[in-house]
Every structure is written in C-alpha cells, then in structure tokens.
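What follows is a set of notes on a single structure, which appears directly below.
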Amino acid sequence: MTRKAALVIGGGIAGIQASIDLANMGIQVYLVEKNPSIGGRMAQLDKTFPTNDCAMCILAPKMIECANHENIRLLTYSELDELTGDAGRFKAKITKKARFIEEDKCVGCGECAEKCPTKVNDDFNAGLGKRKAIYKFFPQAVPSTYVIDPDYCRTLNGKKCGVCEKICKAKAVNYEQKDEVLTIEIGAVILASGFDLYNVAPLTEYGWGKIKNVLTAMQFERMICASGPTGGHLKRPSDDKEPERLAFIQCVGSRDIRHKRYCSAVCCMHATKEAILAHEHCPGLSSTIFYMDMRAVGKGFQEYVQRAKDQYAVEYIRARPGRVTENEENQNPVIHYEDTVNREFRAEEFDMVILSQALVPAESNRSIAEKLNIGLDEFGFVSNPQGMANPFGTSRAGVFGCGFCQSPMDVPDSVVRASAAASKVAEVLASA
Amino acid sequence: MSVRTGVFICHCGTNIGGIVNVPEVVEYARTLPNVAFTEGNLYTCSEDGLSSIRKNIKEHDLNRVVVASCTPRTHEILFRQNCELAGLNKYLFEFVNLREHCSWVHMDAHDDATLKAKDLVRMGIAKVSLLTPQEDLSTDVIRACLIIGGGISGLSASLTLANQGYHVALIEKNDRLGGLLKDINRVFPSNEPSSHLLDPLINSSSKHQNIDVYLEAELTDVKGFIGDFTVTLSQDSKTKELKVGTIIVSTGAQELKPAGSFGYDRFDNVMTQLEFEQRFKSDFDGLNRVVMINCVGARMEERKYCGRFCCITGIKNAVLLKEANPGAEISILQRDIMACGKVFEDYYRTALEMGIRFIRYNVDRPPDITGSDNVADKVRVYHELMGRDIEIDVDAVLLTTPLIPGEDNQQLSRIMKIPVGNDGYFLEAHQKLRPVEFPSDGIFLAGCARYPTDISECISQGYAAATKAAIPMARGLVITDAFTCEVDPSRCSACGRCVEICPFGAIDWADWRDMKGETGSVAMVNPTECKGCGLCSSSCLSSAITLKGFTDEEILAMVNTV
C-alpha cells in the first residue's frame, strides 16, 4: 500500500519550506534533522540581504508552523539509517538519538543550563562563545527542548554531578534514555542537507587562527547578531575595542583551484550585508571589500551594492589579496594586495579582517548519499544525471534534491527549489 | 448570560515569573469585573496548563478565557484550539503578552513590570467581555488553474499540475508555445539545442487530457478571488469565460534592443546576442574576429539591475563560435563576470581555457566602435590592467543586453490587481521567503515575469508556483480567520481610500441602495481575501469599517480601563 507520505532530510530553510508545502498539500511529512533544532544555517544569520529583514523574525514563524502542523512529524536530533524500496513505496529507518531529556516533559525553562558546571565551545556561535553540556541549540530553537551533550556531560561520563536532574522541576532529565529506531513508510524523499563552512585554517596566508582580529564571515555574523556571543556588540577579539575600519576578503577558498574551484554564490552579497550592518552598529565605521567579480545578480542586489557605497561607507576594491600580516604594536591585520586599477602593490592596515569563506556541501552528505544510494559530484554536491529538464533530480527515482546540497544558492533560490521539489513528490504520490 | 472570564497567567519559567510577581497579578485579576476564575501556571502552554484551562472552563462554566503569557504569534492558535476542545467558541479568547511587552523589556524594574502586567491583564479582561462568538469562513476551491504564458516556466507549471490531476487552462498570446526559449538556438551549459528541452514539454502539454491550450489568446478580465476566479479571454475576436481556482503568471520578458548604443543602429554587423543567434544559427562563416560588449543597458542609472545570466549567454555564443572555428579571435569586454555557483564557474573556466579573451572595461571609459559606411571594423577600449587603450579589429560586435519587463505587465497588473516593482517586473509577496507568490491569495508568479531567470530556475519556479497553486486545490477549500473587516454601507462615503490602501486587493466597489431607495457605489470587503490587517478600518474617515475582534468598542474598553 502506498502512503501519501514523504521524508524530508534536513531542517534548514529548504527542508522547512518543502515540509510545509507538502503538508499543506495534504501529504504526511517526516522531517529529519540531525541537530537538536530545525532552522539550519539561516538561524545563524543576523539579517538577510537585500531587504535587511531579521533572519530569525522571518524564519521563526516557519519553524513554528512546521512544529504545529498536523501533517508534519518533526524528528530532530535524528538521522537516516537506511532507505529501501522504490519510488512510491520506500521504507526508511531513522535513529532518534537520545537527548537524555524527556521531550514531552521539558518546558525549555533553561534552569538546568544555568546550573550546569561544564562549559563547551558553542558551534552555533561559530566557536566564538561557550555553552553548557546541557543546552538549547539556540534561544529560539524548535522544539525548545534541551539536550545533553554526551561527549561532555559529567554524569554521562561517569563523574559525580547530576545537577541538572536535581534542578529540573519538570523532571525531564533522564540519563538512562536510549537511542530509538523508527521505521516509516513513505512514497518519496527530499534531500535538503544544506552546507557547511569551509575550514580556512589551511589558507595560512590569511592568518586565521593566528591573527586574533581575523575572523570568518560566520563568526562576524554571530558577533553582529543580538542573540550572539557579544550580545550584538562589535568588538575586536584582541582588545574588545570597537573597530573603525573593516576589510572583507572575498573568495577565500572559493574560485581557487587549490581549494574549491566553484563560486559559493552568496558571499558577495553576504559581505555587502555585513558591511552595511557593521556601519549601522557603529556609524563611524567604514569597510573595504576586496573582490574578484562583484556577483550581485539577484533581484535588488545591484541597488543594494550601490546603497552600500552611497550610504554605508563601503568601498569595493578589485584585488585578490596575497597575504595578511599583523602589526604587532596594535594587533591590526595588514592586507597586502595589488591594486589592479592603478597597478601598484599596497599594504593597508585595518582594525579587523573578515574572510568570506567558501561554503561546501554538508559533511554529512557523504553518509546520507550512501544510505540513499544516490550519487554525489566531486565536491560532494548531489549529482543530477537528468540535467536541466529536471533540476531536482538525483540518480535514484523518487529521491529529489533541493537547496544548497545541489549547488551553491541563496535563500530565495533555495525556497523556490524546495517548493518545486514538493510538486515532484506530489507527482510521484499521485501516480503511485 | 453573564460573562464569566477565566484568567490564566503564565510564569514562563523565569522568563515572566523571574521579573513579574505573578502570584500578585493572579490575586489582583481575581478582583476584576466578570472574572470567575484565576490561576497561575508555570507554563500555561504545557499539557498541564492546557488541561487545566479545559477543566476549569467546564467546572466554572467559563465563557471567556484570557491567557497572559508570551506572544500570539506562536501560541494563539494553540490556546484557541484548546478553548475549542473544551467547547468554547475559539474567538472568545484574548491573548495578553506579558513577556515581549513586559518582562523582557523591563528586566531591571521588577515592581514597575508587575504594575504594568496588572494594567495589561486588566485591559485584556475589559476587552474579552465584549468579544462575540465568530465562525471561520470557508470557501470551496475550483480544481483548475489558469496559467498565463506558455514559455518554459508556464509549460513546467502546467505539466506538473496536470500530472497531479488538476485541470489547467494555458493561455499564450503568440501563435506557438515555447516563449523566448523558442528563439534561442542552444542552451548553456549543456550547449544542446533548446528544442531538446522544449519539444517534449510542448508535445506533452498539447496532448495532456488535463491541459487546454489557448493560443493567440489574451486575458481581458479577472473577477473573483482564491478558489473562485472568473477569467475572460479573447481569442479570434471571440470572448470566452473560464472558472478557475488559482492563477499563475508566467508571462516572461523580452530582450533589450539597445537603440543608440555602441553603433547598434548604425552598423549592420553590430547586433544583440539573440539577434546573433537568429541570424547565424550555427553557420559562423566570416566571423573570425568577434568582440562582445557586456552590460549594455544594464547596471546603469536608467536600468540599475543586472541581467543575471547575460554573461553566461555571451560565454555560450563565444564557446560555440570557438568550437566551430578554433582560429577565431573572440574578446568579451566585461565589468564583472557573473558566473555564480558550480556549473557556471566551470563554464566560464572552459571559455578561458579555450582562449577566449576577457577584458575588463571601466564603465566611465566605455568601448568605442568605429567603422565605415554601415560596417563596424574596430573596437577601441581602455585596458585596465595594461593601463592604456587597445584596438581590436572585428568582423562583428555582439552587444550583451539584459531582459526587460514584458510589455503587458502594466495592463496585467491592472486587470489582476497584482503589483509591479520600480523595475517594471512583477513584485513578489516577499523577496526572501515568498518569491513565487503575490500578496493576494490564489495568484502566483514564475520565471522572467518576476526577474531575469535562467532556464533551470524558470523550470524550478514553474514547479514552485505549481506547488503553491496545488495547495488550496488539494484541500478543496480555503478557511479564513473570522477576524476580517466589514463595511457599514450606510456610513460609507465612497471616498475610495480603503480600496487604494488595501495591500491584498480585498476591497472593491459594490452597488448599494440606501433606506430612501437611492442607489450608489460603496466599498465592500471580500472576507476571503481580507487578512484582517486593519489598514482600511483605521484609515476610514467615516468610521464605516470595523475589524472584527478589534472593534472601536473593544479597543476603547481597553483604553478606558488604563
């Protein structure tokens, strides 16, 4: 028997949109997300180009719609184990990892995390801040259930603690909780596994990890976000001073045959946005963006770049900086580059340098692809043997891709692909 | 029946309870008029809190409920549904926000926050007494979709909807399907003939039992609303009426012809990329030296936007020329090469490896084309990296121009009450998250009608718009929240402010006969289209418009109690 049901893998904006659309079409959706909350990369963004909409303000209602929808079953902190069968009649096995918290009891009050003695680097804040071993993935997490990190929790590692269990009024902490395996029947699958951030440490010429005032674009994004590690205050890691001159280096790891030869598609606009926001935070601040081609191709993007120049003291210099050094007296990063317009070599000092790092397919894509039995390209993006005629296709019938796991794309393109993939699923379910 | 209000005040853990003295507010609420029951909850939204509401509605015979907690944005639906479960009309519920409106913004002033919480709760109780039961409005949806424009976007939308079992009326103003893509020889990045993509779509949609194709047809009128549109077409100077539940606008765009630029009108061998494709097809004899100039008519004062894929179109034609004639010298004069993503960057790299020259020009020192009679023979351009002018001999010059909005956009905008942006393209409901929707329900958008869009994206948007159209058709009915606006025709002065201001096109003119028997026009709100934003009611000079659930009496009761 075919069930009018679909599996969506990945709870970022693409997976969320695909799930809502499918559910609104009357299809039962299982949304599997490996993290403790849905939201994906968009949840990490402060604002979005070119409208400067607060990312969380437009994302949160969609997350909540997902959580409340009668046709959507959220499976967060879960992973796909296996997919068997064919289009129209798949069976999927999914592991719901132990949170060590009873989901139906936790009310998300946060008193446990306040008292937990163990501090851990916070990945959600791109490593800039700390969280506890019992934590909520981010303040607006959906579900708002806490989770215990088994790698760091003292009790789970045989040490004396048990503080969270004692403090929890809802009696939600359960150190004995085990992983749970579910088997579901679905007609089609949408993969929306999104992207990861390329590790820029091997690009030693730019000094990230060595020069304190060199950050990645995602670190800077968390810094300007009000819910981020600095409460939205812009400050230099070396001395907590407010910066006055920022530099952005584009294509760090992208369009580079030593690293990723493709263009990551969103960084030109992302850097422009961050420069605009930085100026809004500190009105005296100016930014210089070092770029190769200013790829402002979407609706309203050229106007956005023009506004950055006219109103937000953003200067664009076409150059591929060769290296970044540090002025040891004031910890200012110094960018060495060739000014191609005037054909001169220059060294210019800034208060902070932000690297627009390449974006790469999610690390988890490899194992998911294996379980789904679909092909990936050399970079790890979903390969599409069906070509242009079916931009959502994968090498397995009934399994579709959408969003950044297919190819670099921004939020609007990702939601378009997500909604589009929903129609593909509806076609499969209508004919099965 | 007397009003018996139950008031439930949430601690929200420490979010509210850590700042506002909740027990004090609970005791205070007990003393207010019409209050029959009060209670504080650690979390009103937890199953404990919700079941307590249901239990107390029954035990204390409550006929109004106030929850003072977080935000209606996330929790109103939950509490309304909970009231309904206990047999209480869900519109007899009032939400008071003690978190965003109080505790979170007064974290350092506990006593004042408690005072304000009492004010807010008192206001909610004053309002809830005046609320009246309401019913949701439900409208049936016709399972048919009108698709305007038979290019690649419209064809993609038509086929998927038809395959999902919906009826489609596909109208095309030209005498053939295929749109702009039909005029293009080969498509990037596969370089296959466009017919490989188009012909299967055209054939299947012409044969599909669920699709009616109307060629050389024009849309002349649209009436109605989501679920029940009546559209009028004119075809062969006859008019035809169709009933549909949803509409997709996929009317495409056209290539800019750059009159007056770069010798376009003067020289025969200066042409646009599309003209080149139509003129030479695949026989490129005599084209040994070709210069392309990018961003002609784009990224400038009069037309600020970037054409998104024109760079790739130029690269495609350069690659095809070079493949046919490896000795050809081809230079692309450009400002930035927009090869976003994976496939296009590789396509660009291939062109570089084939020996196609890319020369960056400065928009303040644009290229200059010279020639004799009507034949251009030289392009002179300032070469930024060399720091001097260079001259290139040419057999032809191709001007890379962007798409410009379709000429019918303004007219369609008027007929359908859908917005057009400053750039002349249709304006979507939200640039980031609702790219294929209009603000009005039931009307959707795909492809170059919205903005220049490459083929893969056109297909994607066609499918995406189809999904949006399929949703109400799959459900078969649209349910509208009861809190919508209503016009009192006896007070309407027919000034038209509300008709203009409504962002959803929900207000229209209607004939009305007053008590003396005189007839005239008055504004009328279609509740199915109304979103209850209240713009019309607050801007009505005659106080003729009421937003249900936010009537003047209800609002004033809140104000008067402060």
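The values are calculated or read from the model by the stated rules, or taken from the named source; none is laboratory data. What you see is a predicted model; the values in this text were computed from it and never measured. Quick reminder, even Gly has a Cβ in these numbers, built from the backbone with ideal geometry, and neighbours come from all protein chains shown.
Structure values in brief
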{"read-out": "Meets criteria (surrounded by fewer than 21 Cβ atoms within 10 Å (Cβ to Cβ), touching a Lys or Arg at 6+ places or on another chain (Cβ under 6 Å) and not aliphatic (A, V, I, L, M)) for A:Pro283", "value": "no"}
{"read-out": "Hey, B:Phe438 crowded, with 19+ Cβ neighbours inside 10 Å and away from every other protein chain (no Cβ under 14 Å) or not", "value": "yes"}
{"read-out": "Elements of type strands (runs of 3 or more DSSP E) in the stretch A:1-114, at least 3 residues being within 14 Å of chain B (Cβ to nearest Cβ)", "value": "none"}
{"read-out": "Complete set of residues in the stretch B:332-347 that are buried (at least 23 other Cβ atoms within 10 Å of the Cβ), facing another protein chain (nearest Cβ under 9 Å) and under 29 Å from B:Arg380 (Cβ atoms)", "value": "B:Ile337, B:Met338, B:Ala339"}
{"read-out": "Residue satisfying condition, being more than 28 Å from A:Gly380 (Cβ to Cβ) and at the interface with chain A (Cβ under 10 Å from one of its Cβ atoms), within set B:Gly371, B:Gly314, B:Gly307", "value": "B:Gly307"}
{"read-out": "Residue ranges of strands (runs of 3 or more DSSP E) in the stretch B:93-190 with at least 3 members surrounded by fewer than 20 Cβ atoms within 10 Å (Cβ to Cβ)", "value": "B:137-140"}
{"read-out": "Positions within the stretch B:467-501 being of a type in the set (Ser, Thr, Tyr) and away from chain A (no Cβ under 14 Å), in sequence order", "value": "B:Thr480, B:Thr484, B:Ser490, B:Ser493"}
{"read-out": "Single residue of the stretch B:392-428 satisfying the filter (surrounded by fewer than 20 Cβ atoms within 10 Å (Cβ to Cβ) and of a type in the set (Gly, Ala, Ser)) that is farthest from B:Val375 (Cα to Cα)", "value": "B:Ser413"}
{"read-out": "Filter result for B:Lys417 (within 12 Å of another protein chain (Cβ to nearest Cβ), of a type in the set (D, E, K, R) and over 30 Å from B:Pro367 (Cβ atoms))", "value": "no"}
{"read-out": "B:Tyr91 aromatic (Phe, Trp, Tyr) and closer than 24 Å to A:Cys109 by Cα", "value": "no"}
{"read-out": "So B:Gly505, is it surrounded by 17 or more Cβ atoms within 10 Å (Cβ to Cβ), at pLDDT below 95 and either away from every other protein chain (no Cβ under 14 Å) or under 26 Å from B:Ile142 (Cβ atoms) (or both)", "value": "yes"}
{"read-out": "Selection status of A:Phe392, of a type in the set (A, V, I, L, M, F, W, C), over 30 Å from A:Ala278 (Cβ atoms) and in contact (Cβ under 8 Å) with a residue 12 or more places away in the chain", "value": "yes"}
{"read-out": "Subset of the stretch B:208-234 (residues that are without any contact (Cβ under 8 Å) to a residue 60 or more places away in the chain, among the β-branched types (Val, Ile, Thr) and surrounded by 15 or more Cβ atoms within 10 Å (Cβ to Cβ))", "value": "B:Ile211, B:Thr232"}
{"read-out": "Condition broken by A:Ile27, with the remaining ones in (1) modelled with pLDDT under 95; (2) over 18 Å from B:Thr74 (Cα atoms); (3) of a type in the set (Val, Ile, Thr) satisfied", "value": "(1)"}
{"read-out": "Failed condition for A:Pro139, given (1) surrounded by fewer than 16 Cβ atoms within 10 Å (Cβ to Cβ); (2) of a type outside the set (Ser, Thr, Tyr); (3) not in a loop (DSSP other than H, G, I, E, B)", "value": "(3)"}
{"read-out": "Within the stretch A:193-221, considering residues that are surrounded by 15 or more Cβ atoms within 10 Å (Cβ to Cβ) and of a type in the set (Val, Ile, Thr), the one farthest from the chain's Cα centre (by Cα)", "value": "A:Ile211"}
{"read-out": "Hey, B:Glu353 free of Cβ contacts under 8 Å to residues at least 60 places away in the same chain, of a type outside the set (Phe, Trp, Tyr), within 11 Å of another protein chain (Cβ to nearest Cβ) and closer than 30 Å to A:Lys260 by Cβ or not", "value": "no"}
